[in-house]
Structures are given as structure tokens and as C-alpha cells.
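Scroll down for the structure; my scribbles are underneath it.
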Amino acid sequence: MKIIFFFLVTMFVVGCEKTNNESHPANNSSASLDKQLPLIPYPRTVNRFEGDLELKATIDINNSAQGSPTALLALNRVLTKFNITQDNTSATKLNIQLTDDPSLGLEGYRLSIAQSIELSANTDAGLFYAVQTFSQLLANQDEHKPSLPNVEIIDNPTFGWRGNMLDVARSFLPVEYLKSHIDRMATFKLNRLHLHLTDDQGWRVEIKGYPKLTEVGGGSSVEGGRSGYYTQEQIRELVKYAQERQVVLVPEVDLPGHTQAAIASYNKLACDDVTNLTTYSGVKVGFSKLCLTKPETTYPFVKDVLSQIVELFPSKYIHIGGDEIKDPLYPEFIGRATRIVEELGRTAIAWEEGSVADNKTDVLLQLWNDKYDIQPALDKGHQIILSPCSYTYFDHGNYQGQPNTYDWCRKEGVPLERAYQLNPQQFSQVKGVESAMWSELVHTDETADNRLWPRLLATSELAWTIESNRDYKAFLLRVNSILPILDDMNIHYYSLPKLAGE
Ligand code: ACM
């Protein structure tokens, strides 16, 4: 009942948008938040003009976008999805072209719909995002009278890092889930999938020369969770799949703590007095570490692993973890590990605690405790990825007391509204925004969907949309109106009544 009500409210607002459009243009950027088109993340500038472009089952595509493989693949997928066939005699024209417009930057685009449909951008990425917006407009058509609103959209993201972290270490997520997740992320212009590949409960990536990491570490999981690992071939396949969707896979090997799975696989990695040398399926943190007083054992291991990680993942940034460990040699370890990454031609990311080390300033720091004093690191010149737990930890409840969720960071959980309230503009030197789904309590694909959606739509919007276009009520209306897109992608999102604030 409530679902129908909110759907009708949404239809009404969107309907008003379509009929009350005498002015010319009708909807300019932040001027009318209540009349936003049903798009997520909301574009920078939207000028709605009178009238609609009627759509037929055919379209004539004029492609001046050679060298834009991901955009053209995406456009083909969209046409197939909406049963539109290409026909050069069609009255509906779509021009997709590369342009040279500095104001659009590396990921921005222009999408205009009038007599014809025009998509332009400086890059393949920009055109890819133009196609995503086009697809969201297509999804919102009135099925009895297929048409698109006459509109000019000029768009550009706030941050280049629009991320989500999946903890595949505590409980494994299959390749097929990751592929769906990449598709879903790309639909909403998220572009960094951070894979937390190793932790106490599991080691999830094949490392040649260290077979026990996956035989032993890959065979364990948190209690009730899933074990497993990705072969190097599967990682390469995933990397390619993600590249085709403008998503960068950012690997994390969590070091030097959170390493029980590695120690259980190769006992020599532990200090000689350590007795807990077997796999672990509990949920405690902070009890394991690579032995930092055995550098002759520890650093060759770290170097071997990171060398193969770099071979597998083309990401400029490689995450070395660095969270939740106490050891007098910790700062030295982080400094050495970040330099190993640098010697391998990449740049390291560390969780916030890594800021105590003597790192080069291009090392990225990921803020996860709301109250952590990151200022000294900012003063040194580091950039940060924003993942403050009270806004972005999606292992916390969609509502207070949701079964199988955490509340250690915020007892009320992280409802959608809270997730939307993070204001990245309150921080400085921000590289981007990333929400995190830890999996101690997330053991199935359906539960993962429930924890991730619709809250990931908030991540998308915080990372892409300018502050003046963000408004929770307007966002919620748009979320409700794009639910068919989530349904179409078979997402088992957290259900609507509570989402509507019940
Ligand atoms: C973390 O939540 N330990 C990064």
C-alpha cells in the first residue's frame, strides 16, 4: 500500500515536471529541487525545455566517438535493453561524439534532447556517463507514450573517486556477484570498487608460489559465511569487466594486522612466541600480525604478494590496510610497505592509522573513524578518502536494531538519511567518498544487496553531485522513482516502507 502511495507521489511530481514546463528553460540546476528529474546522481545543470521527443522503436545513430569503446558498448547495451534497433532511416537521430570542451573535464558530458539526441564529452568516460544518464531517462518513460523530455544536461562529477568497499575476506562474494555489482555501480556513476581481499578470516586472491594462502586461507571464513578465493585468471576477467564499465578495482591486502589467514597458511609469518596459528572464524579484531621483528621473513612475503597484486590490478592505487594493530614497529612497517608499492610503480593507500608513518605525501589515507585526528596528515599534504563509519559503514543497520547489523560506530545504525547527510565539503583535501560493507554479518548475496541498496545511491550522489543540488527530500523522491531500475537489476534492496521514514 505504502509502496503504491510513494510511487504515485513520485509519478505526480515527475508528471508535474512533464506538463508544467511552459517556461523556457523550466528547471535550472539548484533552482527547483522539488522538480528534479528522476536521475541519480543528480547532474550539475539541468535545463528542462518545453515538450518531449517522441520515441520510436528505431534510432539512427551517428557515431563520431571512435576511440570510446566503453561508451559505445554501453550504448549498445542500453538499446538492446529498451528494444530499440538501429536503422539509418529512422526519424529519431542520436549523435554521439567526442568534443574538446575544457569545462567538461575528464568525466563530464553534455546530453541534449530536442529534435535529436546529442551526447558529447571529451573522453570515453564522459560519454559512458552520458549514456548512463540517457538510460535512466529511458527507464522513466511513460510506456503508453514513449518519449524523452526536451532537456539539456551539462554534467561533471565533484570527485574522481566515487567508491564502494566490499569485504570479501570475512565472507566471500562470488565472481558473478561482483560482476553484477560492477554493473550496478556503473549505472549510478560509481567508479572505484575497493576489494578488501585479505583478513583474519580469509585470504581471497591466488598468489603464485604461496599455494597455502588459498588452500588454507581461502578455505576459511567467518562463522556462517562463505569461503572461497579468486584465481588470478578470474581477477583478470573481473578487471576487464570493470574496465569496460569505467570501474577501477582497487585491491587491498590488509597488513600487517588482520593477517590470521596468512599466518595459518604460513606459520613462519608469526613471531615465534605466537601460539594461535590456525584459521579463525570469529569476529574479533586486532589480535594477529605479521612478525615485524623478523624482517627477513616478513618483507620478502609482503614484496612477493604486492608484486603479484600490482601485476593483476592496473589500479594506480594499491591499498595496504594498516588498520587496528598495535606494535612498536608499526610506523616503520607502513613506511616500508608504502615504499614497496612505490617501487612497484604505484601509490599506496592506508587506513587512517597509517598516517603515523613517514610516508610520501602522495600516499592516500582513508578516514574511517569519525573522530580520528587526520589534520596532521592533511597538514603534511596527504589527500583523504572519506569513509567515516557513522555515515558510510553499511554493515550498520538500515534502521536501529536491524538484525545482523553492527552498531558499534552509531547505535542508531546508518539509515539512508544519515548516509546522505555526510558533507564531504566540510573536509579538505578530499580525493573522494567511499562507503564500506564489512561482511562479518553479511553472508549471502541477498543480505549484501540489503545492506548496500539503496544506501549506495547516497554514496553516488555525495561523490558526484554538487552540494547545492543535494536535498534529502528531493533525493528520496528520486530514489523512489528509480526503484524500477533497481528491480530491473534484480537488487534485493532494503524495502521501501522503512525507506520512506516509517
Ligand atoms: C576498519 O574499519 N577497521 C577500517
Region 145-199: C-alpha gyration tensor shape, a/c 1.5 cut-off, then a/b vs b/c: oblate
Length-normalised contact order for region 187-261 - Cα pairs under 8 Å, 6+ apart - percent: 46
Residue-span extension gain [LEU277 to LEU106] - 0.36 nm each, minus C-alpha spacing: 56.7 nm
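Which shape class, rounded, prolate or oblate, goes with region 343-396 when its Cα gyration tensor gives a ≥ b ≥ c as root eigenvalues, a/c under 1.5 marks rounded, and past that a/b bigger than b/c marks prolate?
Details: a/c = 2.70, a/b = 1.57, b/c = 1.72.
Taking the square roots of the gyration eigenvalues as a ≥ b ≥ c, region 343-396 is oblate.
Using just the Cα positions, wrap region 52-206 in a convex hull and report its mean projected area in square nanometres, one decimal place. Mind showing how you got there, number by number?
Numbers: hull surface 43.9 nm².
Computed as one quarter of the Cα hull surface, the answer is 11.0 nm².
Relative contact order of region 104-176, please, whole-number percent, based on alpha carbon pairs below 8 angstrom and at least 6 residues apart.
On the way: 87 pairs, mean separation 24.4, N = 73.
Over region 104-176, the number comes to 33 percent.
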On Cα atoms only, tilt of 295-312 relative to the major axis of the chain in degrees: 20
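As a test of understanding, state the convex hull volume per residue of the chain from its alpha carbons, in Å³.
Values: hull volume 70.7 nm³, N = 502.
Cα-based convex hull of the chain, divided per residue, equals 141 Å³.
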Environment charge of THR70, counting only residues whose C-beta is closer than 9 Å and scoring Lys/Arg +1, Asp/Glu -1: -1
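Mean residue ellipticity at 222 nm from the helices of the chain, using -39,500 (n - 2.57) per DSSP H segment of n ≥ 4 over the full residue count, to the nearest 500 deg cm²/dmol?
Numbers: 16 runs with 170 residues, N = 502.
About -10000 deg cm²/dmol.
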Candidate aspartates and glutamates for bridging to LYS289, where Cα separation is under 17 Å - those fewer than 8 sequence places away on the same chain excluded: ASP199, ASP200, GLU252, ASP254, ASP272, ASP273, ASP323, GLU324, ASP327, GLU332, GLU353
Computed FRET value (nearest 0.05) for ASP142 with LYS411, which takes r as the C-beta separation and R₀ as 51 Å: 0.70
Hull shadow area, averaged, region 368-428 [alpha-carbon convex hull, nm²]: 4.2
Cα→Cβ-extended label distance, 7 Å offset, between ARG339 and ASN62, nm: 5.8
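My understanding is that a pair violates if its Cα-Cα distance is over 26 Å; which of LYS240/LYS268; LYS284/LYS326; LYS316/LYS473 do that in this structure?
Numbers: LYS240/LYS268 35 Å; LYS284/LYS326 15 Å; LYS316/LYS473 37 Å.
With Cα atoms farther than 26 Å apart: LYS240/LYS268; LYS316/LYS473.
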Crossing angle, helix 472-488 versus the chain [Cα axis fit, 0-90 degrees, rounded to tens]: 90
Using alpha-carbon coordinates, inclination of helix 232-243 to the longest axis of the chain, degrees: 30
Region 294-360-region 139-216 distance, computed between alpha-carbon centres (Å): 24
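What is the sum of charges around MET165, taking Lys and Arg as +1, Asp and Glu as -1, for the other residues whose C-beta is under 11 Å from the C-beta of MET165?
-3
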Mean Cα-pair separation over length for the chain, i.e. relative contact order, pairs under 8 Å, 6 or more apart, %: 15
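Over 22 Å apart: what share of the alpha carbon pairs of region 332-470 falls there, rounded to a whole percent?
Working: 4241 of 9591 pairs.
Counting every Cα pair in region 332-470, those more than 22 Å apart make up 44 percent.
Values quoted throughout were computed directly from the atomic coordinates according to the rules given, and no laboratory measurement underlies them. Given the structure is predicted, the values throughout are model-derived calculations rather than measurements. Cβ sites come from the backbone with ideal geometry, for glycine too, and all protein chains shown count toward neighbours.
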